[in-house]
Amino acid sequence: MITIVCPCYNEGDVIETFVSRLIGALGSELSDFELVCINDGSTDNTLPKLLALKEGPLPLRIIDLSRRFGKEAALAAGLDHANGEAVIVIDADLQDPPELIPKLVATWREGNKVVVARRSDRSADTLMKRQLARAFYRLHNLISKPGIPLDVGDFRLLDREVVDVLCKLPERQRFMKGLFSWIGFEYAVVDYVREKRASGRTKFSWWRLWNLGLEGITSFSTAPLRVWTYVGFLISTVAFIYGGYIVVRTLAYGVDAPGYASLLTTVLFLGGVQLISLGVIGEYIGRIYMESKGRPIYVVRREL
Ligand code: UDP
Ligand code: MG
């Protein structure tokens, strides 16, 4: 059996279309699949619609979380509750076409432990989003090992063995795309064209995306912490050389009182640099603090 894991937050507009397209895509192999939907604290009619869909031909389990925990936590819940020999992670909004699933499964049956779906065409996303995503993954891959392949999202198939490794990872703040890479295993790639969201709007505001990006960087790299040592060395060296120059100049030409502008600029600049570095340290300390509390990643209200 294969489990399809689908996180849902306010997807009432699209969930029925999603399930019927899924059923169509699976065709005669339907009995090999189960669908696990995680209701991530939706405030619309997602839950009643999911309950109604339980009557349909596709076996459906609903993991109802006690509030909105975010997509990463919802995915963790889905992986924890999946029973299949393989797990497919898919979005509810039809941006990940269910028609690709038979191909993912076929590639898995050829012996690949991980099959990732790659967006060969992302023109459905705005230019700005594409550019920013590119820049983010470039930066991420520059400072963290292992890197995350470009143009792949969460849409993928994972073998049971891989899912077990993922579920055993103890961290609570989960940047799934990073964890998928971190655990290793060879992966096969299947290309697809990313469509527009079928209905409703994106659940990721710019602010949420920014925070997800911070999570991605801080979860997998300490470069932002360490870079300040080098910045400090650089600034100290420049300051030292400049200090020597001032001493020599004062000895040769005497004291020269003006310098208000350069002094203020230097003080303000260094103040800014120090605050930035403190902020970066704060990001990490905040994350240590959150991890140290040991709260669960998500809370299940009930399983339906
Ligand atoms: N999602 C979720 N919890 C959240 C945000 C999103 O479960 O807090 C789900 C959402 O219902 C969808 C998937 O994650 O199935 C991807 O979200 P979305 O399509 O809004 O993201 P985008 O495609 O715009 O990156
Ligand atoms: Mg989407």
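The values are calculated or read from the model by the stated rules, or taken from the named source; none is laboratory data. Just so we're clear, the structure is a prediction, and the values are computed from it rather than from any experiment. All Cβ positions, even for glycine, are placed from backbone atoms using ideal geometry, and neighbour counts span all protein chains on display. In case anyone asks, the SASA skips ligands and DNA or RNA and just uses the protein heavy atoms, side chains included. Shrake-Rupley method; radii C 1.70, N 1.55, O 1.52, S 1.80 Å.
Among residues of region 199-234 being β-branched (Val, Ile, Thr) and open to solvent by 50 Å² or more (accessible area, probe 1.4 Å), the one that is nearest to ligand 2 (Cβ to nearest atom) is Thr202. Check whether at least one residue in region 195-215 is closer than 23 Å to Ile143 by Cα, touching a Ser or Thr at 6+ places or on another chain (Cβ under 9 Å) and away from ligand 1 (no atom under 11 Å from the Cβ), and report yes or no. No; the residues of region 195-215 include none that is closer than 23 Å to Ile143 by Cα, touching a Ser or Thr at 6+ places or on another chain (Cβ under 9 Å) and away from ligand 1 (no atom under 11 Å from the Cβ). Only one of the listed residues (Leu75, Leu94, Leu53) is of a type in the set (A, V, I, L, M), surrounded by 17 or more Cβ atoms within 10 Å (Cβ to Cβ), over 19 Å from Met176 (Cβ atoms) and touching a strand residue (DSSP E or B) at 6+ places or on another chain (Cβ under 7 Å). That residue is Leu53. For region 61-72, the count of residues that are on the phi > 0 side of the Ramachandran plot, away from ligand 2 (no atom under 16 Å from the Cβ) and not hydroxyl-bearing (Ser, Thr, Tyr) is zero. Selection of helices (runs of 4 or more DSSP H) fully inside region 146-224 by the criterion of at least 3 residues being under 26 Å from Asn10 (Cβ atoms) returns 176-182, 206-220.
In region 1-18, of all residues being surrounded by fewer than 23 Cβ atoms within 10 Å (Cβ to Cβ) and in contact with a Leu (Cβ under 9 Å, 6 or more places away or on another chain), the one that is nearest to Leu47 (Cα to Cα) corresponds to Gly12.
In region 97-114, of all residues being within 16 Å of ligand 1 (Cβ to nearest atom) and over 21 Å from Phe185 (Cα atoms), the one that is surrounded by the fewest Cβ atoms within 10 Å (Cβ to Cβ) corresponds to Pro97.
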